[in-house]
Amino acid sequence: ALAAEPNVLLMDEPFGALDPIIRTKAQEDLLAIQKRFGTTIILVTHDMEEAVHLGDKIAVMDAGKLVQYAKPA
């Protein structure tokens with residue numbers, strides 16, 4: 001998916017099934033890819049710590065409705 005250098009990358013729970021060591025490395029790699037290529041990444045996660053660590057903006061949804069959209073604090 002990255003070979004084509006997309007403008008937008010959609011990811012749905014990409015780190016959920018990984019052990020903690022591999023998960024941390026994969027998250028670091030994702031941030032490096034985003035920085036290197038300037039790719040917009042839309043990542044779905046239920047892990048708020050992960051969202052705050054990876055996101056520069058976070059959208060919180062409840063029952064399919066957007067309830068909050070802001071930069072992480």
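Values quoted throughout were computed directly from the atomic coordinates according to the rules given, and no laboratory measurement underlies them. In this text the structure is predicted, and so the values were computed from the model without any measurement. Here the Cβ is made from the backbone with ideal geometry for all residues, glycine too, and neighbour counts use every protein chain on show.
I'd like the antiparallel share, as a percent to the nearest 5, of DSSP beta bridges with both residues in the chain.
About 50 percent, rounded to the nearest 5.
The range 1-42 and the range 45-73 have their alpha-carbon centroids 16 Å apart. Relative contact order of the chain: 28 percent, from C-alpha pairs under 8 Å at least 6 residues apart in sequence.
Between amide H atoms placed 1.01 Å from N, distances below 5 Å from Ile58 occur with Ala70, Lys71, all of them 5 or more places distant or on a separate chain.
Put a dot 7 Å past the Cα of Asp12, heading toward its Cβ, do the same for Lys35, and the two dots end up 3.0 nm apart. Could you compute how fast the chain diffuses translationally, taking Rh as the Kirkwood radius over C-alpha pairs and applying Stokes-Einstein at 4 °C with viscosity 1.567 mPa s? Give it in µm² per second. My calculation gives 98 µm²/s for D. As I understand it, the value is the acute angle between the Cα axis of helix 20-37 and the longest principal axis of the Cα atoms of the chain; what does it come to in degrees, rounded to 10? Once rounded, the angle reads 80 degrees.
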